[in-house]
Amino acid sequence: MTIAKKIKSSIAQSSMIRKMFEEGIFLKKKYGADKVYDFSLGNPNVEQPEEFKRELINLAAENIPLKHGYMPHAGYPETRQAIAQKINKTSALKIDADHLIMSCGAGGALNVILKALLDPGDEVIVLKPFFLEYPFYIENFAGVVKYAPTKKDFSLDIEAIAAAITDMTKAIIINSPNNPTGKVYTEKEIAELSRMLLEKGRVLGKTIYLVSDEPYAEIVFDNVTVPSLLKAYPNSIVAYSYSKTLSLPGERIGYIAVNPQIHEAGDLISALILCTRILGFVNAPALMQRIVARLQDVAVDVKVYQKKRDLLCAGLAKAGYKFEKPQGAFYLFVESPIPDDVEFVKMLLKKNILAVPGSGFGGPGYFRIAYCVDDATIVNSLEGFAQAINECT
Ligand SMILES: Cc1ncc(COP(=O)(O)O)c(C=O)c1O
């Protein structure tokens, strides 16, 4: 066999979204792009802020020595300084530039973190439903994925997480606002999680790291606030991304923030820097680092996503669908009207609607709608959604 067995099985496991993507291309060719309602991919469609466009032009014109050159693997000190200031201002923390390592988005950050933390066989807890790359990322470094459920409303089930912890547990990944559910964990839930992890760590005589995957930190609605994990739990590491904050997923820019309270934080930071290098990232993209340093107080217009959420939720509720109204990100995780979510997604496909079965996210019986699409796509899809649910009853 040409390719590694592990990758062959990973291709098979990740085929659901790929299949949707291929179906989408086929349907758009057949019926025209405006007659196909593609909710399969979380590709932000809100425009980059004007400040981003302006700074990109400024930067291109500026004469900076070695503008496109290599740099320290952790990234430009002035960028990390600007981010540290922002974190300290918003969370009343004392992070300095040395606690930050620039990354190629949250995906790059998570791989660097897991490489730095995991010995073969170490366990990482993942909460269901989950971002479908987590198991691949963990297995990249011979880690073992341990799943724990969330509650019916997708809030944290502290007891279930506690039950998943063993003496091999190295870390837990949490993601809030969440993909695929849009859930934002409350300060109370985070405090309970923190208490439980500290207690478990004490009993087991080890540190359990909390890896907080935060690409949607700024995409929140209805004045909901996202509690700071760095503040809540001493052994926390944040994977942040500008992919959604500034609508830049193709530019691959984010950072890792290490809680200064972590025991031997200096060793961890050295490991993260080395892992950035030896995973082949070398450093995060240079121009984007300079830009985000200048745009710490800028984000896309979140109201645009909120309007899309409201349009979609109102339309689907009217048609009889059941779901938890998302508080952030740009996904809706909807109960499938029939138990077999894959079958229901096929029914939606017949209405030219592309969604992703919840099974792919460890959430069978649901399907995911990524509503980072034109308002017209949402509005024009509603009739198809209504027809599909009516055909189930
Ligand atoms: C939960 C979650 N984590 C990480 C990522 C990766 O984002 P990035 O583009 O920053 O690598 C995504 C992207 O959709 C995501 O939804």
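The set of residues in region 127-159 being within 14 Å of the ligand (Cβ to nearest atom), among the hydrophobic types (A, V, I, L, M, F, W, C) and under 15 Å from K183 (Cβ atoms) consists of L127, F130, F131, F154. Taken over region 160-203, the criterion of being within 16 Å of the ligand (Cβ to nearest atom) and of a type in the set (S, T, N, Q) is satisfied by N175, S176, N178, N179, T181.
At pLDDT 95 or above and surrounded by fewer than 19 Cβ atoms within 10 Å (Cβ to Cβ): is that true of N352 in this structure? So N352 fails the test. If the condition is being open to solvent by less than 10 Å² (accessible area, probe 1.4 Å) and farther than 20 Å from N178 by Cβ, then region 305-344 contributes only F344. Kindly list the number of the only condition in (1) modelled with pLDDT of 95 or more; (2) over 24 Å from the mean Cα position of the chain (by Cα) that fails for Q48. Answer for Q48: the failing condition is (2).
Among residues of region 157-179 being open to solvent by less than 10 Å² (accessible area, probe 1.4 Å) and farther than 17 Å from A217 by Cβ, the one that is nearest to the chain's Cα centre (by Cα) is I172.
Beta carbons closer than 6 Å, at least 6 apart along the sequence or on distinct chains, never pair a first residue in region 368-388 that is in contact (Cβ under 8 Å) with a residue 24 or more places away in the chain and within 15 Å of P44 (Cα to Cα) with a second that is among the acidic types (D, E) and open to solvent by 30 Å² or more (accessible area, probe 1.4 Å).
Tallying residues that are surrounded by fewer than 22 Cβ atoms within 10 Å (Cβ to Cβ) and within 21 Å of T186 (Cβ to Cβ) within region 234-254 yields 2.
Screening region 2-108 for helices (runs of 4 or more DSSP H) wholly inside it with 3 or more residues that are open to solvent by 20 Å² or more (accessible area, probe 1.4 Å) and among the polar types (S, T, N, Q) returns the ranges 77-91. Counting only residues that are away from the ligand (no atom under 16 Å from the Cβ) and either part of a strand (DSSP E or B) or touching a residue at least 24 places away in the same chain (Cβ under 8 Å) (or both), region 204-224 holds 8 of them. Annotation for region 133-155: at least one member residue is without any contact (Cβ under 8 Å) to a residue 60 or more places away in the chain, closer than 30 Å to Y76 by Cβ and outside any helix (DSSP H, G or I).
Of everything listed in (1) modelled with pLDDT under 95; (2) crowded, with 24+ Cβ neighbours inside 10 Å, the single unmet condition for C392 is (2).
Please go through region 229-254 and give me each residue that is under 17 Å from V211 (Cα atoms), within 19 Å of the chain's Cα centre (by Cα) and either in a helix (DSSP H, G or I) or not hydroxyl-bearing (S, T, Y) (or both), ordered by number.
L229, L230, I237, V238, A239, G254
Of all residue pairs spaced 6 or more apart or on separate chains, those with beta-carbon atoms under 9 Å, a first member in region 159-177 that is more than 19 Å from P120 (Cβ to Cβ) and in a strand (DSSP E or B) and a second member that is within 16 Å of the ligand (Cβ to nearest atom) and open to solvent by 40 Å² or more (accessible area, probe 1.4 Å) are N175/F131. Restricting region 337-367 to residues that are in contact (Cβ under 8 Å) with a residue 40 or more places away in the chain and among the small types (G, A, S), the residue that is nearest to K28 (Cα to Cα) is A355. Evaluation of A106 against the conditions (1) touching a helix residue (DSSP H, G or I) at 6+ places or on another chain (Cβ under 6 Å); (2) closer than 24 Å to Y209 by Cβ shows that the sole unmet condition is (1).
Here region 314-350 is the region considered, the condition is being of a type in the set (D, E, K, R) and closer than 26 Å to V304 by Cα, and the residue that is farthest from the ligand (Cβ to nearest atom) is K318. Within region 288-304, the set of residues being surrounded by 14 or more Cβ atoms within 10 Å (Cβ to Cβ) and either among the aromatic types (F, W, Y) or under 24 Å from I64 (Cα atoms) (or both) comprises M288, Q289, R290, I291, V292, A293, R294, L295, Q296, V298. It is to be established whether one or more residues within region 279-287 are surrounded by fewer than 21 Cβ atoms within 10 Å (Cβ to Cβ), without any contact (Cβ under 8 Å) to a residue 40 or more places away in the chain and either within 16 Å of the ligand (Cβ to nearest atom) or closer than 24 Å to E51 by Cβ (or both). Yes, because at least one residue in region 279-287 is surrounded by fewer than 21 Cβ atoms within 10 Å (Cβ to Cβ), without any contact (Cβ under 8 Å) to a residue 40 or more places away in the chain and either within 16 Å of the ligand (Cβ to nearest atom) or closer than 24 Å to E51 by Cβ (or both).
Does region 255-277 contain any residue that is under 21 Å from D98 (Cα atoms), open to solvent by less than 30 Å² (accessible area, probe 1.4 Å), assigned to a helix (DSSP H, G or I) and of a type outside the set (A, V, I, L, M)? Yes, the conditions are met somewhere in region 255-277.
Within the group L110, L117, L100, which residue is in contact with a strand residue (DSSP E or B) (Cβ under 6 Å, 6 or more places away or on another chain) and more than 16 Å from the ligand (Cβ to nearest atom)?
Working: L110 fails: more than 16 Å from the ligand (Cβ to nearest atom); L100 fails: more than 16 Å from the ligand (Cβ to nearest atom).
Exactly one residue qualifies, and that residue is L117.
The values are calculated or read from the model by the stated rules, or taken from the named source; none is laboratory data. Nothing here was measured: the structure is a model prediction, and the numbers come from that model. Neighbour counts are summed over all protein chains in view; Cβ atoms, including those assigned to glycine, are modelled from backbone coordinates with ideal geometry. Keep in mind that these areas ignore ligands, DNA and RNA; they rest on the heavy atoms of the full protein, side chains included. Shrake-Rupley method; radii C 1.70, N 1.55, O 1.52, S 1.80 Å.
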